[in-house]
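Undergrad: What follows is a structure written as structure tokens; I'll ask about it next.
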Amino acid sequence: MSVKVKKHIDSHVCICRKCSGTGLAGSTICTHCEGSGRVVVESDIITYVTPYRHGGKNGAVV
Ligand SMILES: [Zn+2]
């Protein structure tokens, strides 16, 4: 049995990962950030949490 944990991260400015903040994709302007090198990111993250059982089928030996 797993528990579903939902987390919302409000919009915030990040370095564009497509162009690493350069604003360029090769010789053209990066389409993700339109040349600014930064993007606004907003996320909804769903995490499934399952109890760890030592020796269980999903249990790694620690
Ligand atoms: Zn970019």
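The values are calculated or read from the model by the stated rules, or taken from the named source; none is laboratory data. Only a predicted model underlies this, so the values are computations on that prediction, with no experimental measurement involved. All Cβ positions, glycine included, derive from the backbone under ideal geometry; neighbour counts span all protein chains shown.
Undergrad: Check Ser2 against each of (1) in contact with a strand residue (DSSP E or B) (Cβ under 8 Å, 6 or more places away or on another chain); (2) at pLDDT below 95; (3) within 16 Å of the ligand (Cβ to nearest atom); (4) of a type outside the set (Phe, Trp, Tyr) and name the one condition it does not meet.
TA: (3)
Undergrad: State yes or no: is Ser43 modelled with pLDDT under 95, more than 12 Å from the ligand (Cβ to nearest atom) and surrounded by fewer than 11 Cβ atoms within 10 Å (Cβ to Cβ)?
TA: no
Undergrad: Output the residues belonging to the range 25-37 that are surrounded by 15 or more Cβ atoms within 10 Å (Cβ to Cβ) and not in a loop (DSSP other than H, G, I, E, B).
TA: If the condition is that a residue be surrounded by 15 or more Cβ atoms within 10 Å (Cβ to Cβ) and not in a loop (DSSP other than H, G, I, E, B), then Ala25 is the only one that fits.
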